[in-house]
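Just so you know, all these numbers are worked out from the coordinates, no wet-lab data involved. Worth saying up front: this structure is predicted, and the values here are computed from it rather than measured. In this analysis, Cβ positions are derived from the backbone assuming ideal geometry, glycine residues included, and neighbour counts consider all displayed protein chains.
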Amino acid sequence: MTDVTGLIGGLHHITNVTSNQEVNRRFYTEILGLRRVKLTVNQDDYLHRHLFYADDKGTTGSAITFFEWPQLPQGFAGLSSPHHLSYSVPSLESVPRWKSWLVFNGIPVTGPLVRDGRVSLYLRDPDGLMVELTFLTNENIKQAYLDETGKNLEEVREVTKEMRLKKFDHASPVTADPSLAVTFFEKVLALRNTQSLPNPDQSDGKIVGIGSGDDEDFLRYLAPKQARDGSVGRGSVHHIAMAVEDSEGQRKVKQRLDEIGIRNSGIIDRLWFRSLYFRDPDGNLLEVATKGPGYTKDESPQSLGSKLVLPPWLEDRRQVIEKTLDDLDSNNRATWPPKFPEVPKVPEKLRA
Ligand SMILES: [Fe+2]
Ligand SMILES: [Fe+2]
């Protein structure tokens, strides 16, 4: 059996669904302070957009991406449709600053909440996608302390350098069978079960962490007592991509999948990285993507994301693509600011 130990190095990107690229762009750049690093089309559905936001350099593990599919109904979390994603914030002090900034922009926020070593805020993007902003701390922080400091929020009117979002902390899909999920990641990808603990937000539910040596818990499966089917639609996670260093590592992962008999897409050249797709036992769509060549493959670092770029094999269709996207926009007008969806006020409701 091909050895894949140590090949998976955390998350690469997380892809989601939005109904409107303009509202989506304003939210992720103006509110969350990310940079658009690629404006392109969905290579498997090239008459619709694919939008990439990341830190300034497009660092692996910082990119949140969206397929623009205005025609899709609202998605909901459950089996095959992950519950939420989580970005790391740089410091504990930045957590209340983020809260102040979000509230200033009229965005409902739950938290800060202390959750097994993390201090987190929860919000929803304009399409309803649940986003967690979290600081992983080893200190024993008490909720009462946070509640107290929250009373004296300083007024924050911009995303300062000290607040900039870093990489993802984790993604949280849903599993109906946590031990099967653990076995899957151990046997197939040589990842490990970092911890399993009661879900503080869900009576009888568990949280099952999956990670590798140096990237703890980049997947945190929610295992409710009774998991129900989810549906991918607007405002939901479409797939979760994990990183491999290079094509050689990816080839080994593909070989391992084949040896075990797990159906997969084969390796697909996406221009900025190479992709390999398959599903976990709960039906969640996973990807293993190479770190390179990266988003500067076809644009300079300064101009990343500033105009519509197409992979060379779609260039001859540029005219019809641009026309279709224009038509799509005229039938899909939206206003800013949108009415931001509420997040549940009490943790009990942060359930799958
Ligand atoms: Fe989380
Ligand atoms: Fe992807």
State the Cα centre-to-centre distance between the stretch 1-77 and the stretch 86-136 in whole Å. 19
Listed with the fewest Cβ neighbours within 10 Å leading, Met242, Met130 appear as Met130, Met242
Taking Lys151 as the anchor, which lysines have their alpha carbon closer than 23 Å to its alpha carbon, excluding any fewer than eight residues away along the same chain? Lys99, Lys142, Lys345
Of the stretch 40-79, those with amide N under 11 Å from the point 7 Å along the Cα→Cβ vector of Ser247 are none
If you take the alpha carbon radius of gyration of the chain and divide it by 2.2 N^0.38 Å, what ratio comes out, to two decimals? 0.96
Sequence-distant residues sharing a close amide H with Phe273 (under 5 Å, placed H): Gly294
For the stretch 282-287, take each phi angle, set θ = phi - 60°, evaluate the Karplus expression 6.51 cos²θ - 1.76 cosθ + 1.60, and give the result in whole Hz per residue in order, putting x for glycine and proline. 8, x, 5, 7, 10, 9
Sort 229-236, 91-98 by packing, meaning the average of other beta carbons within 10 Å per residue, with the highest value first. 229-236, 91-98
Taking a ≥ b ≥ c as the square roots of the Cα gyration tensor eigenvalues, with a/c under 1.5 meaning rounded and otherwise prolate when a/b beats b/c, else oblate, which class fits the stretch 186-240? oblate
Per 0.36 nm of contour for each residue apart, how much would the distance between Ala190 and Arg318 grow if the chain were fully extended, relative to their Cα-Cα spacing? 41.9 nm
Computed helical MRE - 222 nm, the chain, DSSP H runs ≥ 4 contributing -39500 (n - 2.57), nearest 500: -5500 deg cm²/dmol
How much length, in nm to one decimal, is gained on full extension between Asn152 and Val103, taken as 0.36 nm per residue of separation minus their Cα-Cα distance? 16.3 nm
Which lysines, if any, have their Cα less than 22 Å from the Cα of Lys57, not counting same-chain residues under 8 positions apart? Lys38, Lys161, Lys166, Lys167, Lys291, Lys297, Lys307
Normalising by the residue count of the stretch 8-349, find the relative contact order in percent from Cα pairs under 8 Å and 6+ residues apart. 25
Let me understand the stretch 1-85 better: what is its radius of gyration from the alpha carbons, and its Dmax, in angstrom? 14.7, 48
Give me Glu68, Glu148, Glu245 ranked fewest to most by other Cβ atoms within 10 Å of their Cβ, as a rough exposure proxy. Glu148, Glu245, Glu68
Rounded to the nearest 5, what % of the DSSP beta bridges within the chain are antiparallel ones? 70
Reach of Lys339 by Cα under 15 Å, taken over aspartates and glutamates that are not fewer than 8 positions away in the same chain: Glu22, Asp125, Asp127
